[in-house]
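Peer 1: Handing you a structure now.
The values are calculated or read from the model by the stated rules, or taken from the named source; none is laboratory data. This structure is a prediction, so every number in the text was calculated from the model and none was measured. Here the Cβ is made from the backbone with ideal geometry for all residues, glycine too, and neighbour counts use every protein chain on show. Note: accessible area is taken over every heavy atom of the protein model, side chains too, but ligands, DNA and RNA are not part of it. Shrake-Rupley method; radii C 1.70, N 1.55, O 1.52, S 1.80 Å.
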Amino acid sequence: MNKVASNPRLDLAVIADLVTPASRVLDVGCGDGALLQLLAQTKNVDGRGIELSQKGVNDCVAKGLSVIQGDADTDLVDYPDDGFDYVILSQTLQATRHPREALRNMLRIGRRAIISFPNFGHWRVRMQLAFRGRMPVTGNLSSSWHDTPNIHLCTIRDFVELIEELGAHIEHGAALNRYGSPIRFNAPWWVWNLMGEQAVFLLERGETKK
Amino acid sequence: MTNFSQPRQDQASSSPLAGKSVTFTADQALLTDGGGRIAPLTLAYETYGELNNARSNAILLCHALTGDQYAAGVHPVTGKPGWWESMVGPGKPFDTDRYFLICSNVVGGCMGSTGPASANAATNKPYGLDFPVVTIRDMVRAQAMLIDHLGVDTLFCVAGGSMGGMQVLQWAASYPQRVFSAMPIATAAKHSAQNIAFHEVGRQAVMADPDWRSGRYLEQGVRPEKGLAVARMSAHITYLSEAALQRKFGRKLQDRSAPTFSFDADFQIENYLRHQGLAFVERFDANSYLFVTRACDYFDLAADYDGVLARAFKATKTRFCVVAFDSDWLYPTSDSRAIVHALNAGGASVSFVEIQSDKGHDAFLLHEPMFIATTRGFLESAATARGLKK
């Protein structure tokens, strides 16, 4: 999977905090395995990964991680129900062809899903479009419109709406500033949607839906 | 090393080949899936490197259809490097300075292990078609006897490509507690209709040769060389990708500037295939070819588990690394993905890489840097988990 944020590692510590020790984790788009390794070292998790690039897979395998070459769009469907406690999609949702299907599959494979993504509602993005009339290019979204892998960008608000549609429950949500730290004040959603450069959500499968 | 009562050491005494072998006598007969009984059973094998004191660094390499026990070093018959020269040796992924490597000729083979060219104890004549039809599982059973004989309880790794990969899968399914890690490469959990079809063409070519003599050619002092060569030629095409053939040969002519308007080998590809066929009959027994191809055809691992491949690997603790090559159309990536799917469903620890190469099925035998890097990484991490010293 393409790691598209300029500092994709920034959200890893935040994600790792959300994972219960000794759980089973599937990291979709695991890159070079940094998160899986962090989770193995700090949380003693039984981790698995999916990664598109051959180099990424090789890096992971060399680290002793169990990683399969593939991607979220085509390979999640092959995983059995409830195979994992957590399914993680870090900075990849916006690059999937079918984000809704990817999320549905994640919540089928794991009871919980952790998703991080760049927030297209951030004020910097809005400013560029509103005042310069250009497709935004920011630290988080560094590619030009014609060569970006991000084909399904969304705002925090858009994301929350989709989660509600899917019947999942938001256990935890955080907007992250440009340094990857959670914005630590209570604010209504619209403020987060304006101030967060990235967002991290911990979702739990809704009881009625599988 | 406990299980077997004094297998008879038979250090090359009955074989013209230098090398190691062990013979299991009638009380340790190999009972085959097809209801046959093979006794005595000789297994010819090679080892590379040293077994450590903890007996924890043994790797079993499983050879492909027409391979043999000579994975490294110089092959005593052909004078060429061993079949996995790219991977086996000091400092290579299967590091002979670090691991104890075992490679045995499969039962049914023709490089020293008991096969259709061996003497049938009941008749004192070559078995020929009276040799029991063996399966991949029979091959693995025989290998397990050898491993017992060598005093190895748990293999650090079982690795192999193509038919060797089938043996790896069978090992993982039959003896999960004896396999710490497994590398099935360019292989499938079952033979497809297309795979069977190509094998049948090869077998029919052998049987159509008048010198085959219903499989009794050895007693009559002839060999079905033409038939076997044709079988090899057709099979060899399946080991290569079209792109590789095109790049290497195209429509280039062989030592001539114009076509001869005859059936000579005008094209380089014709000359190449004829050479492959001729070189093959020098080292391979025709009946053996029938038996090993048949073993592949019968391979359908899921069939032993109610048709559900995942059950073959249920609760396995083995670490897997599955490798496919994108230009391999004989055992395509989809076959490997089916294996990965089943392993995932069983919650196994599995890695999977599709290596980009235009060299087709044979890529696993060739120098492919990404494949070598993957293997090295997987083995090193497994070695760390196993507590093997550098």
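Peer 1: How crowded by other chains is B:371-382, given as the mean number of beta carbons from other chains within 10 Å of each beta carbon? Show your work: numbers first, answer last.
Peer 2: Values: counts 1, 0, 6, 6, 2, 3, 9, 5, 2, 4, 7, 2.
Average neighbour count from other chains, rounded to a whole number: 4.
Peer 1: Using θ = phi - 60° and the Karplus form 6.51 cos²θ - 1.76 cosθ + 1.60, what ³J(HN,Hα) does each residue of segment B:124-134 get, whole Hz, x for Gly and Pro?
Peer 2: Ordered by residue, 3J(HN,Hα) equals 6, 10, x, 4, x, 6, 6, 5, x, 5, 9 Hz.
Peer 1: Here's a follow-up. Around B:Gly108, which amide H atoms from residues at least 5 apart in sequence, or from another chain, sit under 5 Å from its own amide H, with H modelled in the peptide plane?
Peer 2: B:Thr114, B:Gly115
Peer 1: Name the residues of segment A:49-65 whose accessible area falls by at least 50 Å² when all protein chains are present instead of the chain alone, probe 1.4 Å?
Peer 2: Buried-area filter returns A:Gln54, A:Asn58, A:Val61.
Peer 1: What accessible surface, in Å², does a 1.4 Å probe find on A:Lys63, ignoring ligands, DNA and RNA and rounding to the nearest 10?
Peer 2: Probe radius 1.4 Å; accessible area of A:Lys63 about 80 Å².
Peer 1: Send over a whole-number figure in Å² for the accessible area per residue of chain A, probe 1.4 Å. Present the calculation step by step, with values, prior to reporting the outcome.
Peer 2: Working: 9400 Å² over 210 residues.
Here the per-residue accessible area is 45 Å².
Peer 1: Oh, and also: May I ask you to find the residues of segment B:329-359 that are shielded by at least 50 Å² of accessible area once the whole protein assembly is considered instead of their isolated chain (probe 1.4 Å)?
Peer 2: B:Arg337, B:His341, B:Asn344, B:Ser351, B:Phe352
Peer 1: Count the lysine pairs in chain A that are 8 or more places apart or on different chains: how many have C-alpha atoms under 26 angstrom apart?
Peer 2: So the count of such lysine pairs works out to 6.
Peer 1: Using just the alpha carbons, could you tell me how many Å³ per residue the convex hull of segment A:37-193 encloses? Could the numbers behind the result be given before it?
Peer 2: Working: hull volume 22.0 nm³, N = 157.
Taking only Cα atoms, segment A:37-193 has a hull volume of 140 Å³ per residue.
Peer 1: Tell me the carbon and sulfur percent of the accessible area for the protein assembly as shown, rounded to whole percent, probe radius 1.4 Å.
Peer 2: Summing carbon and sulfur atoms, their accessible area is 53 percent of the total for the protein assembly as shown.
Peer 1: From zero up to wherever the largest Cα-Cα distance of the protein assembly as shown sits, split into 10 Å bins and tell me the percent of pairs in each.
Peer 2: Calculated P(r), rounded to whole percents: 3, 16, 24, 21, 15, 11, 7, 3, 1, 0.
Peer 1: Further question on the same structure: On a C-alpha basis, how far is the centre of segment B:200-271 from the centre of segment A:105-175 in Å? Whole number, if you could?
Peer 2: Centre-to-centre (Cα) distance: 59 Å.
Peer 1: Another one. What ranking of A:Ile50, A:Ile183 comes out by heavy-atom accessible area, probe 1.4 Å, highest first?
Peer 2: Details: A:Ile50 0, A:Ile183 25 Å².
Highest to lowest solvent-accessible surface, that is A:Ile183, A:Ile50.
Peer 1: Moving on to the next point. Using a 1.4 Å probe and ignoring any ligands, DNA or RNA, find the accessible area of B:Glu225 and quote it in Å² to the nearest 10.
Peer 2: 80
Peer 1: Per residue, what accessible area does chain B have, given a 1.4 Å probe and all protein chains present, in Å²?
Peer 2: Counting only protein heavy atoms, the per-residue value for chain B is 41 Å².
Peer 1: Taking R0 as 25 Å, what FRET efficiency do you get between B:Glu200 and B:Asp130 from their Cβ-Cβ distance, rounded to the nearest 0.05?
Peer 2: Values: r = 21 Å, r/R0 = 0.85.
Taking R0 as 25 Å, the efficiency between B:Glu200 and B:Asp130 is 0.75.
Peer 1: Accessible area lost on pairing B with A, both sides, 1.4 Å probe, Å² to nearest 100? All intermediate terms of the calculation are to be shown ahead of the outcome.
Peer 2: Numbers: alone 16590 and 10230 Å², together 25220 Å².
Result for this pair: about 1600 Å² buried.
Peer 1: Which residue, A:His98, A:His146, A:His169, has the most motion in a Gaussian network model of chain A that connects Cα atoms within less than 10 Å?
Peer 2: A:His146
Peer 1: Kindly report, to the nearest 10 Å², the accessible surface of A:His152 as traced by a 1.4 Å probe over protein heavy atoms only.
Peer 2: The accessible area of A:His152 comes to roughly 70 Å².
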